[in-house]
Amino acid sequence: MGSIKLELGSLKPRSAGFEGTQQHRGGKGRKKGRRWIKREEKDGSRKDAVLDGIDFDIEGGTNLHWGDLANYLSEYSDQGKTVYLTAAPQCPFPDAWLGDALKTGPFDYVWVQFYNNPPCQYTSGNTANLVDAWNQWTQDIQATQIFLGLPASPEAAVSGFIPVDDLTSQVLPAIKGASKYGGVMLWSKYFDDQTGYSSSIKNAV
């Protein structure tokens, strides 16, 4: 069975956030070890499924208390089953919304979005801005692994698409030496299905 993660965030998260450090805990407390959600089957029935982790994709609202929430959620890693915490910040460092939270340390994987951000993304024949930003992320964030987030086609983002040949010959050789290098994250499966981008790069990743 595949991993199931719940993503926090939205396209217009203007009200996303918490009013205080206790709001994320709720009023009824928590039941340790329970991470059950309902999974809808093809026949319309609903069955229990285990939630493996939470992904923080915060692109608006407030930058307050996400670290408190991350630390609270990390306490669910008990009974031999890890609750994975992941995040998808923008490549300008530190991220405007998650910068403080990412300093708290409980994140397992961070997929940094190196697109739609000209100051830190690849431009034709020039890896300098991307590599400089990559080095900062891998050196200053305590996550277990950092991933290079890219669009899977030119249509998947306003800017930042890297042709396969440029990625495999210029970008990956410049970043794969980092001890926290985890691989490449693509936005999104829909666009990847159209282009086959992941199949084209997997041997180089």
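The values are calculated or read from the model by the stated rules, or taken from the named source; none is laboratory data. Just so it is clear, the model here is predicted, and its values are computed rather than measured. As a convention, Cβ positions derive from the backbone with ideal geometry for all residues, glycine included, and neighbour counts pool all protein chains shown.
When restricted to residues that are in a loop (DSSP other than H, G, I, E, B), of a type in the set (S, T, N, Q) and touching a residue at least 12 places away in the same chain (Cβ under 8 Å), the range 55-81 contains 3. Condition first: out of contact with any Asp or Glu (no Cβ under 7 Å at 6 or more places or on another chain) and free of Cβ contacts under 8 Å to residues at least 24 places away in the same chain. Can you find one or more residues in the range 177-188 that meet it? Within the range 177-188 (the criterion being out of contact with any Asp or Glu (no Cβ under 7 Å at 6 or more places or on another chain) and free of Cβ contacts under 8 Å to residues at least 24 places away in the same chain), the answer is yes, since at least one residue qualifies.
Applying the condition of being under 19 Å from D108 (Cβ atoms) and among the polar types (S, T, N, Q) to the range 34-87 and asking which residue is modelled with the highest pLDDT yields T86.
Against the conditions (1) touching a His at 6+ places or on another chain (Cβ under 9 Å); (2) more than 21 Å from F147 (Cβ to Cβ); (3) not basic (K, R), G125 satisfies every one except (1). Test each condition in (1) out of contact with any Ser or Thr (no Cβ under 9 Å at 6 or more places or on another chain); (2) under 19 Å from N116 (Cα atoms) for Q139 and report the one that comes out false. All conditions are met except number (2).
Looking at the range 89-98, is at least one residue part of a helix (DSSP H, G or I) and either under 14 Å from the mean Cα position of the chain (by Cα) or of a type outside the set (D, E) (or both)?
Here is the first cut: in the range 89-98, the ones part of a helix (DSSP H, G or I) are none.
Looking through the range 89-98, none of the residues is part of a helix (DSSP H, G or I) and either under 14 Å from the mean Cα position of the chain (by Cα) or of a type outside the set (D, E) (or both).
Would you check if there is a residue in the range 115-135 being outside any strand (DSSP E or B) and modelled with pLDDT under 95? Scanning the range 115-135, I find at least one residue that is outside any strand (DSSP E or B) and modelled with pLDDT under 95, so the answer is yes.
Among the residues of the range 107-129 satisfying the criterion of being of a type in the set (A, V, I, L, M) and under 20 Å from the mean Cα position of the chain (by Cα), which is farthest from A174 (Cα to Cα)?
Filtering the range 107-129 for residues that are of a type in the set (A, V, I, L, M) and under 20 Å from the mean Cα position of the chain (by Cα), the one farthest from A174 (Cα to Cα) comes out as V110.
Of all residues in the range 154-178, those satisfying the criterion of being touching a strand residue (DSSP E or B) at 6+ places or on another chain (Cβ under 9 Å) and within 27 Å of L85 (Cα to Cα) are A156, A157, G160, F161, V171, L172, I175, A178.
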